[in-house]
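Asks: Quick one: structure below, then a few questions.
The values are calculated or read from the model by the stated rules, or taken from the named source; none is laboratory data. It should be emphasised that the depicted structure is a prediction, and the values quoted were computed from it without experimental measurement. Don't worry about glycine lacking a Cβ; one is built from the backbone with ideal geometry, like all the others, and counts go over all protein chains shown.
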């Protein structure tokens, strides 16, 4: 028998984080966006224990301020792209700068410095990854996806897909389907 | 934990290509450690040895004596140990059939060997930067396909 599961990565990670914090007996408040408020300052040993337990899940405690802000930018973008309730009609630069309370210029410079890519490219990458997921898992047509992700036209989405990956959405779909067939043999 | 350099391996029987490749990587913004192998047999011997350090990206020439890139690709994708290694096919051929076939067999990237140094640098930079995004953002590598 074969089953398919659908999961929301964000809730999975939050749950894992919360369980681990409970296990280490650290009193805490979850603030969302990967931010946690710990009560008091736990001993070095406790923090090391926490870091070790989290590393099992490849969750990392971010150390310096720059990385923290970059992570917040990424989380905001991912939330913006994947969460349909969000209003994508606001320009992403405005949205980021308002949500994170810094000028867009500052955020953009910092982002490029740390991640080797620009905020614009990161948004495109996330959208294309989401498109791949929707094609494969939800079986949506490109027209439906273009509408869902707020592209002005199917052509625009299709061009951006080709430009980012070097292949067209339909050959992507064909390749993945052929791979699956190969696995069955 | 999250070290700021990328391990890269190239298997190619052409000495000039290996040299160009290493030089191009030296000039990139992202820090890389490059190891090269002269053919598929040396490469697979190394990968199957116990102290092998698996790279984030492997560049495979399709046409090599003794063991071709295609044979290496099949062997690597049949072993779960290599799941995290992104495989880039690095070839002079750009036939649609070759491209699609290697993708189906599990390659993530297909690069038509550029003819000049400047485009080689650009292509390699694009590959490692994108791979870095997949690596650091936990993106689904099963869906990682890139053709340059």
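Asks: Considering each of B:3, B:75 in turn, give the residue that is at pLDDT 90 or above and surrounded by fewer than 21 Cβ atoms within 10 Å (Cβ to Cβ).
Replies: Of the residues listed, the single one that is at pLDDT 90 or above and surrounded by fewer than 21 Cβ atoms within 10 Å (Cβ to Cβ) is B:75.
Asks: Just need a number here: residues in the stretch B:121-146 that are farther than 25 Å from residue A:58 by Cα and buried (at least 20 other Cβ atoms within 10 Å of the Cβ).
Replies: Total meeting the criteria: 2.
Asks: With surrounded by 15 or more Cβ atoms within 10 Å (Cβ to Cβ), away from chain B (no Cβ under 12 Å) and modelled with pLDDT under 90 as the only criterion, which of A:104, A:95 stands out?
Replies: A:95
Asks: Can you find even one residue in the stretch B:53-67 that is within 14 Å of chain A (Cβ to nearest Cβ) and out of contact with any strand residue (DSSP E or B) (no Cβ under 9 Å at 6 or more places or on another chain)?
Replies: no
Asks: Hey, can you tell me all the residues within the stretch B:90-101 that are more than 19 Å from residue A:164 (Cα to Cα) and assigned to a helix (DSSP H, G or I)?
Replies: Correct list: B:97, B:98, B:101.
Asks: Would you say residue B:124 is in a helix (DSSP H, G or I), at the interface with chain A (Cβ under 9 Å from one of its Cβ atoms) and modelled with pLDDT of 90 or more?
Replies: No.
Asks: Quick one: residue B:112 ticks every box in (1) without any contact (Cβ under 8 Å) to a residue 12 or more places away in the chain; (2) under 16 Å from residue B:24 (Cα atoms); (3) within 11 Å of chain A (Cβ to nearest Cβ) bar one, so which box is it?
Replies: Every listed condition holds for residue B:112 apart from (1).
Asks: I'd like the residue in the stretch B:80-105 that is touching a strand residue (DSSP E or B) at 6+ places or on another chain (Cβ under 7 Å) and within 11 Å of chain A (Cβ to nearest Cβ) and, out of all such residues, is nearest to residue A:122 (Cα to Cα).
Replies: Filtering the stretch B:80-105 for residues that are touching a strand residue (DSSP E or B) at 6+ places or on another chain (Cβ under 7 Å) and within 11 Å of chain A (Cβ to nearest Cβ), the one nearest to residue A:122 (Cα to Cα) comes out as B:103.
Asks: Moving on. Are any residues in the stretch B:109-120 part of a helix (DSSP H, G or I) and surrounded by 18 or more Cβ atoms within 10 Å (Cβ to Cβ), and if so, which ones?
Replies: Across the stretch B:109-120, the qualifying residue is only B:120.
Asks: Considering each of A:157, A:125 in turn, give the residue that is away from every other protein chain (no Cβ under 14 Å), under 21 Å from the mean Cα position of the chain (by Cα), part of a helix (DSSP H, G or I) and crowded, with 17+ Cβ neighbours inside 10 Å.
Replies: Going through A:157, A:125 in turn, just one is away from every other protein chain (no Cβ under 14 Å), under 21 Å from the mean Cα position of the chain (by Cα), part of a helix (DSSP H, G or I) and crowded, with 17+ Cβ neighbours inside 10 Å: A:157.
Asks: When you go through A:117, A:76 one by one, which is the residue that is within 14 Å of chain B (Cβ to nearest Cβ), part of a loop (DSSP other than H, G, I, E, B) and buried (at least 16 other Cβ atoms within 10 Å of the Cβ)?
Replies: Being within 14 Å of chain B (Cβ to nearest Cβ), part of a loop (DSSP other than H, G, I, E, B) and buried (at least 16 other Cβ atoms within 10 Å of the Cβ) holds for just one of A:117, A:76, which is A:117.
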